[in-house]
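What follows is a set of notes on a single structure, which appears directly below.
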Amino acid sequence: MSVISYSIDVRKKVKEFFDEKQKKAIEEAQERRNEVHLRVPGIAEIDDALAKTGLKVYAEALKKGNPVPLEDRIEALHEENRELQSARADILKEAGYSADYTKPRYECKKCNDTGYVGIDPCECLIKALRRESYLNSGLGAMLTDQSFENFDTSLYPEKSRKMMEFILSQTKKYAEDFGKEDCGKNIMFYGGTGLGKTHLSTAVAKKLIDRGFYVVYDTALNIMHTFERERFSKIDVPVTTDKYFECDLLIIDDLGSEFANSFTHATLYNILNTRLCADKGTVISTNLSSIDAMRKAYDERIVSRVIGSYRSFGFVGEDIRLNTRKQNLSGNK
Ligand SMILES: Nc1ncnc2c1ncn2[C@@H]1O[C@H](COP(=O)(O)OP(=O)(O)O)[C@@H](O)[C@H]1O
Ligand SMILES: [Mg+2]
Ligand SMILES: [Zn+2]
């Protein structure tokens, strides 16, 4: 797993977080040191002597004409160092402190809060990158509630179940293969509301974030608002539309629910086209019930772009929300 595929924003934020954590651990250790220097006689002198070991080793290395071999002289310094450490630990213990009282207390013992073990990213760094990417994705709580694991095909009526099982397996495969050579990067989910389109899109997002991709989720309505604000606002607004072009996977939810005009059509075409040219992935969900409905709602350029480069899946069944409610009701009788 590579760290560099996460967005710059995410990496920057996580780096700051790690730097801060490390700095805090070191500062707090320094405070505890100052405390024992004040309270426990002898420790300040020992720390002073310990701090000079490095310099002494360096000085020995520069000395010429000493009959004792350099290695032995350095070993003698190390021995002196160990004795000082052990005396220090004894004195601290005597005074009621643990021997490591003045050592920094890092949250992660594997990487001492640096995020790296050697050159490899530490588990805690990967976790932090994922957590930050979740926050940054726009998916919020959906990421904890909706996954492949809890996508339940038994909720669909008998005649729709086979189709939904097929869509689930194909979508899973899409998320697992994303980024590999010769694997399609674009899919479209269409069909009525409450059939699990957003749920499956979220499941894809989660999987790809865990795999280290930069994922952005947003509704078509929101995306258009963001572009409009940037384009037509009288005051300077910060540019936040870059992410729609830069992310590895963009999820456009509820396409067709946004108001349509020539600006939104041009914007949508621009997003889809730019992403296709840059070989970036897009998942579109739409409540439009068919490609024909799409043809009516959008101009031909957009529709042919989507038809030509997307695998589309038609969701079938009955509104899951109503379904689960019905089941709950009958269960409560
Ligand atoms: N197959 C499923 N298994 C479990 N929960 C589902 C399933 N399909 C939909 N849901 C749940 O039903 C609700 C509506 O689904 P959603 O994905 O928003 O539908 P759509 O986007 O197609 O309108 C959500 O809370 C979702 O988690
Ligand atoms: Mg939806
Ligand atoms: Zn770590």
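Computed from the coordinates by the stated procedures, all read-outs in this text should not be read as laboratory data. Everything numeric in this text was worked out from a predicted model, so none of it was measured. All Cβ positions, glycine included, derive from the backbone under ideal geometry; neighbour counts span all protein chains shown.
Computed over the alpha-carbon atoms, the stretch 206-315 gives an Rg to Rh ratio of 0.96, Rh here being the Kirkwood radius from the mean inverse distance. Is it possible to state the helix-based mean residue ellipticity at 222 nm for the chain, with each DSSP H run of 4+ residues giving -39500 (n - 2.57), the sum divided by total residues, to the nearest 500 deg cm²/dmol? What is it? Calculated at 222 nm, the ellipticity per residue is -18500 deg cm²/dmol. With no solvent and one point per C-alpha, what does the Debye sum give as log10 I(q)/I(0) for the stretch 41-96 at q = 0.26 Å⁻¹? Taking Cα atoms of the stretch 41-96 as identical point scatterers yields -0.99. Plainly put, the stretch 142-254 has a radius of gyration that is 1.04 times its Kirkwood radius, both from alpha-carbon atoms, as the Rg/Rh ratio. Model label points for Lys159 and Cys183, set 7 angstrom from Cα along the Cα-to-Cβ axis, are 3.5 nm apart. Each 10 Å bin from zero holds the following percent of Cα-Cα pairs in the stretch 138-328: 9, 37, 36, 16, 3, 0. How tilted is helix 70-94 with respect to the longest principal axis of the chain? Cα atoms for both, answer in degrees (0 to 90, nearest 10). Tilt of helix 70-94: around 80 degrees. Using the Cβ-Cβ distance between Glu318 and Gln170 with R0 set to 25 Å, the FRET efficiency works out to roughly 0.70. One chain, two ends: Glu31 and Glu149. Fully extended at 0.36 nm per residue, the span grows by 37.7 nm beyond their Cα-Cα distance.
Can you tell me the 0 to 90 degree angle between the C-alpha axis of helix 320-332 and the longest principal axis of the chain, rounded to 10? The helix 320-332 is inclined about 80 degrees to the chain.
How about the stretch 1-62: which trypsin sites (Lys or Arg not before Pro) there are in a DSSP loop, with at most 15 other Cβ atoms within 10 Å of their Cβ? Intermediate results must be reported in sequence, preceding the final value.
Working: sites: Arg11, Lys12, Lys13, Lys15, Lys21, Lys23, Lys24, Arg32, Arg33, Arg39, Lys52, Lys56; in loops: Lys52.
Hits after loop and neighbour filter: Lys52.
A Cβ-based charge dipole, computed about the Cα centre of the chain with Lys and Arg at +1 and Asp and Glu at -1, lands at about 1000 debye. Taking the chain as a Gaussian network, where each spring joins two C-alpha atoms under 10 Å apart, which residue of Ser86, Ser137, Ser309 fluctuates the most? Looking only at Ser86, Ser137, Ser309, the largest GNM fluctuation is found for Ser86. Just how far, in whole angstrom, is the stretch 84-106 from the stretch 232-309 if you go by their alpha carbon centroids? First find each Cα centre; the distance between them is then 62 Å. Averaging the Cα positions of each part gives two centres, and for the stretch 171-212 and the stretch 3-46 these lie 40 Å apart. Among the GluC sites (Glu not before Pro) in the stretch 79-150, those placed in a DSSP loop whose Cβ has at most 12 other Cβ atoms within 10 Å are Glu149.
A viscosity of 1.306 mPa s and a temperature of 10 °C, combined with the Kirkwood radius over C-alpha pairs in the Stokes-Einstein formula, give the chain a diffusion coefficient of 64 µm²/s.
Would you please give the FRET efficiency between Cys277 and Leu135, computed as 1/(1 + (r/R0)^6) with r the Cβ-Cβ distance and R0 = 25 Å, to the nearest 0.05? Efficiency computed from Cβ-Cβ geometry: 0.30.
The GNM of the chain, with springs linking C-alpha atoms under 10 angstrom apart, assigns the highest mean-square fluctuation among Leu125, Leu322, Leu77 to Leu77. Students often forget the sequence filter, so: which lysines lie under 23 Å Cα-Cα from Lys172 once same-chain residues fewer than 8 apart are removed? Straight-line reach from Lys172, under 23 Å: Lys127, Lys159, Lys162, Lys180, Lys185, Lys197, Lys206, Lys207, Lys280.
Across all directions of projection, what mean area in square nanometres is found for the Cα convex hull of the stretch 103-152? Could the numbers behind the result be given before it?
Details: hull surface 20.2 nm².
Dividing the Cα hull surface by four gives the mean projection, 5.1 nm².
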